[in-house]
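This report concerns only the one structure given below.
The values are calculated or read from the model by the stated rules, or taken from the named source; none is laboratory data. Since the structure is predicted, the reported quantities are computational estimates derived from the model, not experimental observations. So basically every Cβ, Gly included, is an ideal-geometry build from the backbone, and we count neighbours across all protein chains shown.
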Amino acid sequence: MAILEINNLHAEVAEEGGEHILRGVDLEVASGEIHALMGPNGSGKSTTAKVIAGHPAYEVTDGEIVLQLEEEDVADVDADLEEEDYRWNLLELEPNERAALGIFLGFQYPAEIEGVTMTSFLRQALNAKREEREELFEDEDDEADADEDESGYDSSPMEGPTDEGEIGVAEFQQLLKGKMDLLDMDEKFMQRYLNAGFSGGEKKQNEVLQAALLEPAIAVLDEIDSGLDIDRLQDVSEGINALRDEQGTGILQITHYQRILEYVEPDHVHVMLDGQIAKSGGPELANELEDEGYDWVREEVYEAA
Ligand SMILES: Nc1ncnc2c1ncn2[C@@H]1O[C@H](COP(=O)(O)OP(=O)(O)OP(=O)(O)O)[C@@H](O)[C@H]1O
Ligand SMILES: [Mg+2]
């Protein structure tokens, strides 16, 4: 079981006199759990997500983000692990290193990339993760001879040069097909350029597909439900539930709407106000917010202060 621990996180926009956005966020998400993060526009939800992923637009000025792993989270790692290989201070790591450790961020506004097919993008993403993971957990003693077989061909010359541990084209196609079936996605998308001309809903479904392939310990999904029609909302929700049920991913689901929470039932619901978690509760909290908005939470916070 992996646990993402966020303690007293403060962050501001990384520029001269940049706005102080996060003002002491505390949050803990363990694998297998589903957390909903709600809150008004501009309260800092996306900023929290981006800071977890290591977005360079923000500077962390206080607090910590730690990823605590257990043996089962590093079962794929072929190295002798030490105690420090289980506890990672994410703030010291690059975004790609955080991803390799098992943090996934699904964007509120996924980018379109012309010229790169979905298949090729996804395969590269998976291989990049594997390679980075090897480097992160590499035995120090082995580092000296790690660079040796860079240009080696593996057993099938059809697949071209591959690094050790890299997934080949054929094996990848099979893996991808399984994940797409799981999400009920049309295979025609795979030869198209990444998100280019995809509808809003198709882009969101794609984010879930990426998470299904990369099998993160913790996935942060930013408004994955916005702009989805009712059918697609159900497909995407099934995909998210599958992430949790079949690969044990912990989900931090940022949303404005109670509707998706009917399909993806959260264990915990948090309300963010002005860069802090103002209130946490169970699924019933989402219903209260749906009915009554955020003012009463604001009043509660005000009265407590
Ligand atoms: N790079 C940035 N530069 C300047 N201001 C920023 C930047 N990123 C975020 N902000 C500001 O920080 C505040 C929080 O933004 P954030 O995107 O985290 O809100 P949110 O809770 O995700 O809102 P929404 O529900 O509308 O998506 C906003 O006032 C936003 O304008
Ligand atoms: Mg947002």
**Message:** For the structure I just gave you, tell me whether E72 is under 21 Å from M1 (Cβ atoms) and either in a helix (DSSP H, G or I) or polar (S, T, N, Q) (or both).
**Reply:** yes
**Asked** Of these, R244, R259, which one is within 16 Å of ligand 1 (Cβ to nearest atom), surrounded by fewer than 22 Cβ atoms within 10 Å (Cβ to Cβ) and either β-branched (V, I, T) or at pLDDT 90 or above (or both)?
**Response** R259
**Prompt:** Any idea which residue in region 209-227 is farthest from S280 (Cα to Cα), counting only those that are within 16 Å of ligand 1 (Cβ to nearest atom) and part of a loop (DSSP other than H, G, I, E, B)?
**Reply:** G227
**Request:** Considering each of E28, E12, E5 in turn, give the residue that is over 21 Å from G281 (Cα atoms), acidic (D, E) and surrounded by fewer than 20 Cβ atoms within 10 Å (Cβ to Cβ).
**Result:** E12
**Message:** If I filter region 31-46 down to residues being surrounded by 22 or more Cβ atoms within 10 Å (Cβ to Cβ) and outside any loop (DSSP other than H, G, I, E, B), which single residue comes out as nearest to ligand 2 (Cβ to nearest atom)?
**Reply:** K45
**Flag for T249 being touching a strand residue (DSSP E or B) at 6+ places or on another chain (Cβ under 7 Å), at pLDDT 95 or above, away from ligand 1 (no atom under 16 Å from the Cβ) and among the hydroxyl-bearing types (S, T, Y)** = yes
**Test: L126 is touching a helix residue (DSSP H, G or I) at 6+ places or on another chain (Cβ under 9 Å), surrounded by fewer than 15 Cβ atoms within 10 Å (Cβ to Cβ) and at negative phi** = no
**Request:** Pick out the one residue from E64, E97 that is under 25 Å from V13 (Cα atoms), charged (D, E, K, R), away from ligand 1 (no atom under 16 Å from the Cβ) and part of a helix (DSSP H, G or I).
**Result:** E97
**Asked** So, in region 228-237, of the ones that are among the charged types (D, E, K, R) and surrounded by fewer than 17 Cβ atoms within 10 Å (Cβ to Cβ), which residue ends up farthest from ligand 1 (Cβ to nearest atom)?
**Response** D231
**Prompt:** Counting only residues that are away from ligand 1 (no atom under 11 Å from the Cβ), farther than 25 Å from L289 by Cα and in a strand (DSSP E or B), how many does region 8-30 have?
**Reply:** 1
**Fill in**
Of the residues in region 11-34, those that are of a type in the set (V, I, T) and closer than 15 Å to M272 by Cβ number 3
**region 31-51, residues that are within 14 Å of ligand 1 (Cβ to nearest atom), within 11 Å of L252 (Cα to Cα) and not hydroxyl-bearing (S, T, Y)** = A36, L37, M38, K45, A49
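Yes/no matrix, rows are residues, columns are (1) in contact with a strand residue (DSSP E or B) (Cβ under 9 Å, 6 or more places away or on another chain); (2) not hydrophobic (A, V, I, L, M, F, W, C):
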site: I34; (1), (2): yes, no
site: A53; (1), (2): yes, no
site: D78; (1), (2): no, yes
site: E97; (1), (2): yes, yes
**Message:** Out of the residues in region 97-120 meeting the condition of being modelled with pLDDT under 95 and surrounded by 17 or more Cβ atoms within 10 Å (Cβ to Cβ), tell me which one is nearest to F189 (Cα to Cα).
**Reply:** M118
**Prompt:** Which residues, taken from region 31-56, are of a type in the set (S, T, Y) and closer than 26 Å to E290 by Cβ?
**Reply:** S43, S46, T47, T48
**Asked** under 22 Å from the mean Cα position of the chain (by Cα) and crowded, with 19+ Cβ neighbours inside 10 Å, is that true of A196?
**Response** no
**Prompt:** Taking only pairs six or more apart or across chains, which ones have beta-carbon atoms under 6 Å, a first residue in region 34-49 that is closer than 23 Å to P216 by Cβ, and a second residue that is within 9 Å of ligand 2 (Cβ to nearest atom) and of a type in the set (S, T, N, Q)?
**Reply:** S46/Q108
**Request:** Go through region 100-123 and give me each residue that's in contact with a helix residue (DSSP H, G or I) (Cβ under 8 Å, 6 or more places away or on another chain), assigned to a loop (DSSP other than H, G, I, E, B) and of a type in the set (F, W, Y).
**Result:** F107
**Request:** Go through region 1-20 and give me each residue that's over 20 Å from P95 (Cα atoms) and touching a residue at least 40 places away in the same chain (Cβ under 8 Å).
**Result:** M1, N8, G18, H20
